[in-house]
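The values are calculated or read from the model by the stated rules, or taken from the named source; none is laboratory data. It should be emphasised that the depicted structure is a prediction, and the values quoted were computed from it without experimental measurement. Glycine also receives a Cβ, built like all others from the backbone with ideal geometry; neighbour counts cover every protein chain displayed.
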Amino acid sequence: MKTGRFVVFEGLDGSGKTTQMARVQQRLTHMGIGADTTCEPTDGPVGTLIRQILEGRVSMDPRTLAALFAADRTDHLVAPDTGVKALMEKGRTVLCDRYYFSSYAYHAMDMDLEWVMTLNAVNAQILKPDLTLFIDVAPNTCLERIRAGRTHLDLFEKIDILTRVRDNYFAAFERLKDQETVKVVDGNASEDAVEQAIWHGISHMFTKE
Ligand code: TYD
């Protein structure tokens with residue numbers, strides 16, 4: 001049986017990942033391709049604890065937080081029936097809002113990238129994305145969008161942090177350029193223009209067969 005594809009959307013907070021992922025899902029549905037959307041942190045037990053930490057309701061050492069993200073990811077992959085692997089084995093394509101490049105970008109501030117990669121080695125072994133799509137939006141634009149939508153800002157939602165996160169993403173793409181397929185899309189344009197650019201970058205995966 002044909003397994004589905006695994007496409008990951010990455011970007012800073014406020015980069016429009018969720019909106020664009022929904023648009024890709026719609027396009028795939030119109031083509032008759034069954035696609036599910038999912039995200040990390042998950043709404044499972046580990047993901048729920050992570051969200052409490054991000055909101056500042058529970059405090060945690062950054063190394064422990066990085067380990068929790070890696071554990072949440074493994075749970076996301078292997079959970080029976082609803083996990084990413086299970087969905088793909090049913091032939092579903094899975095569109096995922098954040099995956100291990102988020103860890104490489106957000107946690108390589110307190111720890112070095114190699115350490116974070118080691119922490120995620122089991123996840124990379126279980127499943128590599130067919131494609132990671134990075135929606136590149138200027139950090140100040142991201143912050144403006146986040147502020148317009150909410151009053152409360154999460155742990156990483158500050159200009160200097162988002163700037164470092166963006167640099168870390170590019171450092172990780174460079175470090176893994178021989179092992180991972182990554183496409184960077186300019187996300188500063190209108191939602192429709194970004195959608196076109198994304199579709200241009202991924203449609204070949206769904207039209208070859
Ligand atoms: P995000 O999907 O942007 O949250 P929201 O639903 O509020 O838009 O992700 C929440 C935060 O988690 C974001 O600041 C990035 C961070 N994060 C990490 O630090 N490490 C990780 O491995 C992942 C997946 C996310």
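Figures for the structure shown
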| quantity | calculated |
| --- | --- |
| Scan of region 22-43 for residues that are over 13 Å from Phe9 (Cβ atoms), of a type in the set (Ser, Thr, Tyr) and outside any helix (DSSP H, G or I), ordered by number | Thr42 |
| Qualifying position, being free of Cβ contacts under 8 Å to residues at least 24 places away in the same chain and surrounded by fewer than 19 Cβ atoms within 10 Å (Cβ to Cβ), among Thr37, Thr82 | Thr82 |
| Pair list, Cβ under 7 Å, 6 or more apart: region 1-19 residue under 27 Å from Glu55 (Cα atoms) and assigned to a helix (DSSP H, G or I), other residue of a type outside the set (A, V, I, L, M, F, W, C) and modelled with pLDDT of 95 or more | Lys17/Gly11; Lys17/Asp97; Thr18/Asp97; Thr19/Glu191 |
| Region 177-198: number of residues that are more than 27 Å from Ala124 (Cβ to Cβ) and free of Cβ contacts under 8 Å to residues at least 12 places away in the same chain | 5 |
| Scope region 1-32; condition touching a helix residue (DSSP H, G or I) at 6+ places or on another chain (Cβ under 8 Å), modelled with pLDDT of 95 or more and closer than 21 Å to Leu127 by Cβ; matching residues | Arg5, Phe6, Val7, Val8, Phe9, Glu10, Gly11, Val24, Leu28 |
| Residue ID - surrounded by the fewest Cβ atoms within 10 Å (Cβ to Cβ), chosen from residues in region 46-79 that are without any contact (Cβ under 8 Å) to a residue 24 or more places away in the chain and assigned to a helix (DSSP H, G or I) | Thr64 |
| Residue match in region 120-131 (condition: under 14 Å from Leu176 (Cβ atoms), within 13 Å of the ligand (Cβ to nearest atom) and modelled with pLDDT under 95) | no |
| Filter result for the condition that a residue is more than 13 Å from the chain's Cα centre (by Cα) and either of a type in the set (Phe, Trp, Tyr) or closer than 26 Å to Ile53 by Cα (or both), over Arg147, Arg92 | Arg147 |
| Close pairs (7 angstrom Cβ cut-off, 6 or more residues apart or separate chains): free of Cβ contacts under 8 Å to residues at least 24 places away in the same chain in region 142-171, part of a helix (DSSP H, G or I) anywhere | Leu153/Ile146; Ile159/Pro139; Ile159/Asn140; Ile159/Leu143 |
| Single residue of region 159-209 satisfying the filter (over 17 Å from Met109 (Cα atoms) and of a type in the set (Phe, Trp, Tyr)) that is modelled with the highest pLDDT | Trp199 |
| The lone exception for Gly44 - which of (1) modelled with pLDDT under 95; (2) within 16 Å of the ligand (Cβ to nearest atom); (3) among the small types (Gly, Ala, Ser) it fails | (1) |
| Where Lys90 falls short, out of the listed (1) of a type in the set (Lys, Arg); (2) away from the ligand (no atom under 13 Å from the Cβ); (3) buried (at least 21 other Cβ atoms within 10 Å of the Cβ) | (3) |
